[in-house]
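The values are calculated or read from the model by the stated rules, or taken from the named source; none is laboratory data. Nothing here was measured: the structure is a model prediction, and the numbers come from that model. For neighbour counting, all protein chains shown are included, and Cβ atoms are generated from backbone atoms with ideal geometry for every residue, glycine included.
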Amino acid sequence: MAENRKGTDKPMDARRFAALADAYGSALHRWPQAEQAAATLFAESEEGRAILRRAARLDAILDRHHVEVPSRTLHGEIVAKAGVPLRQGRHRRLWWLGFGLAGVGLAGAVAGLALVTVVTPDAPSDHYVMDANATSFGDAGPDADTEDL
Amino acid sequence: MGADPDEELVRRIGAGDQAAVQAMVARKLPRVLSLATRMLGDAAEAEDVAQETFVRIWRHASGWRQGRARFDTWIHRVALNLCYDRLRRRREWTTDELPEVPDEAPLPDAVAGDEGRRVQQALQRIAPRQREAIVLVYYQEMSNIEAANAMQVSVDALESLVARGRRALQAMLVGDERDD
């Protein structure tokens, strides 16, 4: 399970064995993997057995602490929340798709306008048509003839 | 580091696969809940942390790429950060600093059936970084390298933290018993 910090399987001495038991407890599967073979050999010695017995005493107490299995309610709430970010992700993709289509449409409109400008004769001046004093009957602005009245 | 056993599931979640969402919750919720419960010593807060951890998983699944850390290591880091946020908030509320030197006085003997509670109390009395190291290595059964990655420390530092934590727990829970 655990991996060796030094990367090699060195011969085990009592000091290192005790240090590993201090850190990882009495179960060798939790020890650094590359030290497990040497540790297994050392564990058969009287000194090794004594060290492991001491570590096992604490392990036995730690093992009494259990955490409740997650409730179905919690499971369901978490699964339900998954829909929100996933849907948001899809909406974000759709929004970008819409933005892209709008861009294509706008580009088409600009191109069409440019084409019309090039191939059609001059229309009456916009300035004239859009003059605020103009009506369909012609200029309805102040009559020059009445300015002196 | 070999192939990440969670990578395919994460990819499917990113693609919006609801069955993968169910599978991920079944696979990881017990681990996240165990981690948070032991770090915080409070079942309700641990459930909140579990929920927040999964919200982050859903949010980041589509962009997940395996880097140096496995997905399992990453979610442990996320959950631990959320636990530390809560521990900090508690400290702000109580205005007490977390003790640098844990109180290692032996805890009273447990009555039958109450041993788990005694262990929980002892875990809450040791320094949070030592608790984190013990929870990752002992209860979550992470390798020393994965645990060191999750804690963002060297393997030597991890080994020191977990050994000091176990010695403190030994003093509280076992006392000074000597080998027969």
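Somewhere in the range A:36-45, is a residue within 9 Å of chain B (Cβ to nearest Cβ), farther than 16 Å from B:Val162 by Cα, free of Cβ contacts under 8 Å to residues at least 12 places away in the same chain and surrounded by fewer than 18 Cβ atoms within 10 Å (Cβ to Cβ)?
No, the conditions are met nowhere in the range A:36-45.
For B:Glu159, work out the one condition from (1) within 8 Å of chain A (Cβ to nearest Cβ); (2) in contact (Cβ under 8 Å) with a residue 40 or more places away in the chain; (3) among the charged types (D, E, K, R) it doesn't fulfil.
So the condition that B:Glu159 fails would be (2).
Out of the range B:4-19, which residues are part of a helix (DSSP H, G or I) and facing chain A (nearest Cβ under 9 Å)?
B:Ile13, B:Gly14, B:Gln18
From the residues in the range B:122-150 that are among the polar types (S, T, N, Q), modelled with pLDDT of 95 or more and part of a helix (DSSP H, G or I), which one is surrounded by the fewest Cβ atoms within 10 Å (Cβ to Cβ)?
B:Gln124
Can you tell me which of (1) in contact (Cβ under 8 Å) with a residue 24 or more places away in the chain; (2) within 23 Å of B:Glu141 (Cβ to Cβ) is the one B:Pro30 doesn't meet?
That leaves (1) as the condition not met.
Out of the range B:59-75, which residues are touching a residue at least 60 places away in the same chain (Cβ under 8 Å) and closer than 25 Å to B:Gln18 by Cβ?
Within the range B:59-75, B:Gln66, B:Arg70, B:Phe71, B:Asp72 qualify.
Scan the range A:12-32 for residues that are buried (at least 18 other Cβ atoms within 10 Å of the Cβ) and either under 41 Å from the mean Cα position of the chain (by Cα) or of a type outside the set (A, V, I, L, M) (or both) and report the count.
Total satisfying the criteria: 12.
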